[in-house]
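Enquirer: I'd like to ask you about the structure that follows.
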Amino acid sequence: MVRKSLLKCTGFLLTAVLTASMLTACGSNTESGSKTATDNGTTASNDTDNGETQEINVMIWDRGSSAPGTSNEENEMTKWIQEQVLEACNVKVNFVAVPRSGSDDKLNVMMAGGNAPDIVFSYNQSIFSNFASNGGLADLTDAYAKYGTDIQTNIGNIQYMGVVDNKQYAIMKRRGQQVPRHVSYIRKDWLDALGLSIPKTKEELFTVLEAFKEKNPGNVSDVVPWAMGGSTDTEKFYLSFVGSYVAELSEEDAYVYAENYKVFADGAIDGLKKLNELYNKGLITQDFATDTTTDIFKQDVSAGNAGFILADATEIFDLIPTLQSSVDGAEFVPLNCFDTPEGEYINPTEPLYGMYVMVPKTSESKADACVKYLNWLSDATNAENVMYTPEHTLDSAGVPVSMLQDELNE
């Protein structure tokens, strides 16, 4: 069955670099023919100009999560996609797994050696710019115009990010939704116990943190008013707070001081000084700097010791079940309290565009086939089937329902 072993094929699912972001159905006609719905739920294109079957190699990420007896390159989902793409586009797809850890380094090595797959990708804009400016990428302009109809319809508004010198050197992946990268959460049950309201400003937050430390509303042995980790590969634990001390920037300065560079903007030093003050008062995790794996941070949240956190938007969702199983009535709620000098709130948000999907110069002769494959992925029906499996169901509102682990393992 197609569903077999799909749960652990997440490394492969990242191959579908355009899939999860499709929000509308694709009923447009392409130059190569109109689309028809096939019996298996995919959308096929009646190509008339394919001629011989074209073969492409597509990079995928290997996260070490393959189910027993399968691989990232060979599993039920890869077989299903290969069958559908061959039928719809007359393109034979092979998958080439690259370890997710250090994937950009591996990509650079493959590109330099001239043995990269026909479709490669990276989130790194610098890598894309370097390849494009040094003649390392195929020009996809004509192929995109001719075979990228669904891409143009669904995510055409971000494709300018893949253009250099008026040439389309990358097909951009759009994120499924645009959400804040970092979100603050506070223990609502602690606030209720102290008769306090959810803070709406930094000053109100400071008052609450002091109260958490002095009155220990959770009656825990090691109260941590503001739990913080020390991972060095992200700015999630401090950026929103420090950035709130920076006055509104001009368009040029906003570009210069985007994301983690905002700590160098005028005013940010005041935020850093305030963090130091809070730390010295014992309001922030005292050994956060050595908690590079964030294990202490997660333990403090899960054990009920933490009153306030700033972290990735959904990170807390993995910790709440453990917290609520051990602490009755524990409740974290999101809040905006990092007011700016203008009295507003600014949260770092992921851009609409994400991954740069590229075709190496060495694969220029396969540009048409590569874009046909990417366009197939961008079709709403195909995207849904790849994301949720071809055998998924819809709820009463017509929203796809993720299959349970037991169902996937049948």
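Enquirer: Considering segment 61-93 alone, what residues qualify as being modelled with pLDDT of 95 or more, crowded, with 22+ Cβ neighbours inside 10 Å and not in a helix (DSSP H, G or I)?
Expert: V91, V93
Enquirer: Which of the residues belonging to segment 185-208 are among the hydrophobic types (A, V, I, L, M, F, W, C) and farther than 20 Å from E277 by Cβ?
Expert: Quick first cut of segment 185-208, residues among the hydrophobic types (A, V, I, L, M, F, W, C) only: 186, 190-191, 193-194, 196, 198, 205-206, 208.
Selection gives W190, L191, A193, L194, L196, I198.
Enquirer: For segment 158-182, name all the residues that are of a type in the set (A, V, I, L, M, F, W, C) and at pLDDT 95 or above.
Expert: First pass over segment 158-182, keeping only residues of a type in the set (A, V, I, L, M, F, W, C): 158, 161, 163-164, 170-172, 179.
Scanning segment 158-182 gives V163, V164, A170, I171, M172.
Enquirer: May I pose another question? Filter segment 201-259 for residues that are in contact with a His (Cβ under 9 Å, 6 or more places away or on another chain) and part of a helix (DSSP H, G or I); which is farthest from C337 (Cα to Cα)?
Expert: In this case the residue turns out to be L239.
Enquirer: Residue under question is V357, and the condition is that it be surrounded by fewer than 19 Cβ atoms within 10 Å (Cβ to Cβ) and in contact (Cβ under 8 Å) with a residue 12 or more places away in the chain; does it hold? Full working, then the answer.
Expert: Numbers: surrounded by fewer than 19 Cβ atoms within 10 Å (Cβ to Cβ): no; in contact (Cβ under 8 Å) with a residue 12 or more places away in the chain: yes.
No, not satisfied.
Enquirer: Among (1) of a type in the set (G, A, S); (2) over 20 Å from the mean Cα position of the chain (by Cα); (3) modelled with pLDDT of 50 or more; (4) assigned to a strand (DSSP E or B), where does A97 come up short?
Expert: (2)
Enquirer: Tell me, yes or no, whether segment 325-347 has at least one residue that is part of a helix (DSSP H, G or I) and in the same structural domain as A306 (by TED's automatic domain parsing).
Expert: Within segment 325-347, one or more residues are part of a helix (DSSP H, G or I) and in the same structural domain as A306 (by TED's automatic domain parsing).
Enquirer: Residues G41, G51: which one is in a loop (DSSP other than H, G, I, E, B), modelled with pLDDT under 90, surrounded by 14 or more Cβ atoms within 10 Å (Cβ to Cβ) and out of contact with any strand residue (DSSP E or B) (no Cβ under 9 Å at 6 or more places or on another chain)? Steps first, answer last, please.
Expert: Details: G51 fails: surrounded by 14 or more Cβ atoms within 10 Å (Cβ to Cβ).
It is G41.
Enquirer: Specify which of the listed residues (S302, S326) is surrounded by 13 or more Cβ atoms within 10 Å (Cβ to Cβ) and either more than 17 Å from T232 (Cα to Cα) or under 27 Å from the mean Cα position of the chain (by Cα) (or both). Steps first, answer last, please.
Expert: Numbers: S326 fails: surrounded by 13 or more Cβ atoms within 10 Å (Cβ to Cβ).
Answer to the check: S302.
Enquirer: Sticking with this one: Could you tell me which numbered condition A112 fails, if it satisfies all but one of (1) modelled with pLDDT under 95; (2) more than 25 Å from the chain's Cα centre (by Cα)?
Expert: (1)
Enquirer: Next question, about the same structure. Name every residue in segment 115-129 that is buried (at least 22 other Cβ atoms within 10 Å of the Cβ) and either among the polar types (S, T, N, Q) or under 21 Å from the mean Cα position of the chain (by Cα) (or both), in order of residue number.
Expert: Hits for segment 115-129 are I119, V120, F121, F128.
Enquirer: I would also like to ask the following. Take Y373 and tell me if it is modelled with pLDDT under 95 and of a type in the set (F, W, Y). Spell out the reasoning first.
Expert: Numbers: modelled with pLDDT under 95: no; of a type in the set (F, W, Y): yes.
In short, no.
Enquirer: Follow-up question, since we're still on this one. Against the definition (out of contact with any helix residue (DSSP H, G or I) (no Cβ under 7 Å at 6 or more places or on another chain) and charged (D, E, K, R)), how does K372 come out, yes or no? Spell out the reasoning first.
Expert: Working: out of contact with any helix residue (DSSP H, G or I) (no Cβ under 7 Å at 6 or more places or on another chain): no; charged (D, E, K, R): yes.
No, not satisfied.
Enquirer: Have a look at E259, E248 and point out the one that is touching a Lys or Arg at 6+ places or on another chain (Cβ under 9 Å), farther than 20 Å from Y185 by Cβ, surrounded by fewer than 20 Cβ atoms within 10 Å (Cβ to Cβ) and touching a residue at least 24 places away in the same chain (Cβ under 8 Å).
Expert: Numbers: E248 fails: touching a Lys or Arg at 6+ places or on another chain (Cβ under 9 Å).
One residue alone meets the criteria, E259.
The values are calculated or read from the model by the stated rules, or taken from the named source; none is laboratory data. The shown structure was predicted, so the numbers you read here are calculated from the model rather than taken from an experiment. Please note: Cβ atoms are built from the backbone with ideal geometry, for glycine as well, and neighbour counts cover all protein chains shown.
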